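The values are calculated or read from the model by the stated rules, or taken from the named source; none is laboratory data. It should be emphasised that the depicted structure is a prediction, and the values quoted were computed from it without experimental measurement. Don't worry about glycine lacking a Cβ; one is built from the backbone with ideal geometry, like all the others, and counts go over all protein chains shown.
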Amino acid sequence: MDPIELKQWTASPEDPRRMQYAGQRVAQEVFEELKYRLESMGYLPDEYFLMDREWENGREIPKDADIFCTTDYGGSEGVYLDVYLKWYENDQPVIRSFITGKTLGESGTDLDRMFLISSAITKAFHGDRGVYDRYLRMGEQSEPEGVILHLNPAEQRTLIHALVEQRERQEQTMSQTEQILRRMTGSIIAYMDEVGRRPLHLSDYDKAVLAVRDGDFETFSSLYPRVPDRANDLLIEVSGRPGRIGGNMVLMLLSAVEQFSPEAYLTACKRAVDTGDSQRVRTLVDEAKSHLSEPRPSLAGEVMVYAYTCNRKSIARELIDKSTPEQIAAAPSALLRQAVARLDLQAAVTLIDKGIRPGDHVEDILRTLTGQHKEWMAEQLLAHGMPVGPDNYAALYVCINNGMPGAAKLVLDQGIDFDKYRAWADNKPKSAEYEAAMEALYEYVTEQKNTVQRDGPTMGGMCR
């Protein structure tokens, strides 16, 4: 497979045959591509493999950064693998932790395996100079007696033939077999070509899926036209394949296939979110209207909700900024609540300005903000026109009970009858801040009534 890039490249306007530097890749996208590659080889540490939080929310890899790994026993248990980024600022080296992996085992075999994973990571970014892994862990068992075997080329070929036959006959072990084949040969498709005299009993669709997972763009290009009835499934596969190759496969399918089912297309968009590739997500969302077999106005909003759910706040915010008012109005009502739950005020205000319909989530939104003493954020949303129904006494109660009279006044301004609210809230539990907030509202309502009597009705809902 090609090395994972930390930089972005685009065709030169002067000469499309040449590529020019187009900035750094987002750290989340690089992490997802690495994780995908390790998982395809069966090389993910069994306890966890996590990106450090400081690299979330769209942060880019620093320019001219390099990657290196360290592997060692932990202070208490397990074996740890740390992936670092190193770059220079003002001629001084800067080193930051990027990814941490851990395995539960503590044996020498577990340590050896983590060093193999470290080697796979190094080769993923720097290439393997044409040399594939020479080591294979045999007998994936929980016992510490696991064995690492060194295999010469003849022994490798003997084992590969056996594994290919096993793959044909034992569907349930296919995933593990594919991982081992990929670790030993780099690409299952390449091996299939090499031993064409013993053809695998695979359908064209199966071969296309293997080409996606191998990152074999040319083979995929030749195979997908043979399975037009599986276009939906292939779009899902390529959308979830991280990296530049996966993105190019998406573009190829979008160019070749006119329509996809709305359900499959939404799933593909979600898989793209998982990759951390914001450009891919935007492309799919932008192309949705012309590629859906039937309309799905809420698709863009559903993708935004999913992005927030997966902690891809930067992708959600980018989609919100570029969405039309029609897309926002058709979005699920939970979208605003998701933005507020992550205290993403900028996105929440944009959603309101573009006509989001929060539905029954207004109470939850105000509870989230006032409960965290973010009254200023609640006031911002209400001032920008977050709609509160005239009979939504619960929303007013949340503001008052959390001691936020400023937000409560803005809720009242949307037409809630204060006297009816008092009757509704009479038997509700009251916090220590409730009475003080109510006194402030009494003064506010009295002042508004006096203004109406003196100047005539100037505010909806205050003329009783």
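I'd like the full set of residues that are surrounded by fewer than 21 Cβ atoms within 10 Å (Cβ to Cβ) and either of a type in the set (Ser, Thr, Tyr) or in a helix (DSSP H, G or I) (or both), limited to the range 255-265. Break it down into steps so the answer makes sense when it comes.
Keep residues of the range 255-265 that are surrounded by fewer than 21 Cβ atoms within 10 Å (Cβ to Cβ), which gives 255-259, 261-264.
Scanning the range 255-265 gives SER255, ALA256, SER261, PRO262, GLU263, ALA264.
How many residues are closer than 16 Å to GLU435 by Cβ and in contact with a helix residue (DSSP H, G or I) (Cβ under 7 Å, 6 or more places away or on another chain) if we restrict to the range 385-397? It would help to see each step written out before you state the result.
Filtering the range 385-397 down to residues closer than 16 Å to GLU435 by Cβ leaves 396-397.
From the residues that got through so far, the ones that are in contact with a helix residue (DSSP H, G or I) (Cβ under 7 Å, 6 or more places away or on another chain) too are 396.
Result for the range 385-397: 1.
Using beta carbons and a limit of 9 Å, which pairs, at least six apart or on different chains, have the first residue in the range 410-423 and over 13 Å from THR446 (Cα atoms) and the second one among the charged types (D, E, K, R) and in a helix (DSSP H, G or I)?
Close Cβ pairs satisfying both conditions: LEU410/GLU379.
Report yes if LYS420 is modelled with pLDDT of 90 or more and exposed (fewer than 14 other Cβ atoms within 10 Å of the Cβ), otherwise no.
Details: modelled with pLDDT of 90 or more: yes; exposed (fewer than 14 other Cβ atoms within 10 Å of the Cβ): yes.
Taking the combined requirement at face value, the residue satisfies it.
Go through ALA378, ALA407, ALA383 for me and flag whichever is surrounded by fewer than 23 Cβ atoms within 10 Å (Cβ to Cβ) and within 34 Å of the chain's Cα centre (by Cα).
Details: ALA378 fails: surrounded by fewer than 23 Cβ atoms within 10 Å (Cβ to Cβ); ALA407 fails: surrounded by fewer than 23 Cβ atoms within 10 Å (Cβ to Cβ).
Exactly one residue qualifies, and that residue is ALA383.
Yes/no matrix, rows are residues, columns are (1) basic (Lys, Arg); (2) under 24 Å from ASP277 (Cα atoms); (3) part of a strand (DSSP E or B); (4) at pLDDT 95 or above:
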{"position": "PHE31", "(1), (2), (3), (4)": "no, yes, no, yes"}
{"position": "TYR36", "(1), (2), (3), (4)": "no, yes, no, no"}
{"position": "GLY42", "(1), (2), (3), (4)": "no, yes, no, no"}
{"position": "PRO45", "(1), (2), (3), (4)": "no, yes, no, no"}
{"position": "ASN57", "(1), (2), (3), (4)": "no, yes, no, no"}
{"position": "LYS63", "(1), (2), (3), (4)": "yes, yes, no, no"}
{"position": "ARG113", "(1), (2), (3), (4)": "yes, no, no, no"}
{"position": "VAL131", "(1), (2), (3), (4)": "no, no, no, no"}
{"position": "GLU140", "(1), (2), (3), (4)": "no, no, no, no"}
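What are the pairs, 6+ residues apart or on separate chains, where a residue within the range 431-455 that is within 19 Å of MET404 (Cα to Cα) and outside any loop (DSSP other than H, G, I, E, B) has its Cβ under 8 Å from a residue that is at pLDDT 90 or above and among the aromatic types (Phe, Trp, Tyr)?
Correct list of pairs: LEU441/PHE418; VAL445/PHE418.
State all residues of the range 315-339 that are hydroxyl-bearing (Ser, Thr, Tyr) and either buried (at least 20 other Cβ atoms within 10 Å of the Cβ) or touching a Ser or Thr at 6+ places or on another chain (Cβ under 7 Å) (or both); if no residue qualifies, say none. Break it down into steps so the answer makes sense when it comes.
To start, the set of residues in the range 315-339 that are hydroxyl-bearing (Ser, Thr, Tyr) comprises 323-324, 333.
Listed by number, the list holds a single entry, SER323.
Got at least one residue in the range 89-100 being at pLDDT 95 or above and either among the aromatic types (Phe, Trp, Tyr) or touching a helix residue (DSSP H, G or I) at 6+ places or on another chain (Cβ under 7 Å) (or both)?
Checked against the condition, which is being at pLDDT 95 or above and either among the aromatic types (Phe, Trp, Tyr) or touching a helix residue (DSSP H, G or I) at 6+ places or on another chain (Cβ under 7 Å) (or both), the range 89-100 yields at least one hit.
Return yes when LEU81 is in a loop (DSSP other than H, G, I, E, B), touching a Gly at 6+ places or on another chain (Cβ under 8 Å) and aliphatic (A, V, I, L, M) and no when it is not.
Here the answer is no, as LEU81 does not meet what is asked.
Counting only residues that are out of contact with any strand residue (DSSP E or B) (no Cβ under 9 Å at 6 or more places or on another chain) and not aliphatic (A, V, I, L, M), how many does the range 40-76 have?
Residues of the range 40-76 that are out of contact with any strand residue (DSSP E or B) (no Cβ under 9 Å at 6 or more places or on another chain), as a first pass: 40-41, 43, 53, 56-57, 75-76.
Still in the running and not aliphatic (A, V, I, L, M): 40, 43, 53, 56-57, 75-76.
So the answer is 7.
Mind telling me which of the residues VAL281, VAL273, VAL285, VAL305 ends up being buried (at least 17 other Cβ atoms within 10 Å of the Cβ) and more than 12 Å from the chain's Cα centre (by Cα)?
On the way: VAL281 fails: more than 12 Å from the chain's Cα centre (by Cα); VAL273 fails: more than 12 Å from the chain's Cα centre (by Cα); VAL305 fails: more than 12 Å from the chain's Cα centre (by Cα).
Criteria check complete, one pass: VAL285.
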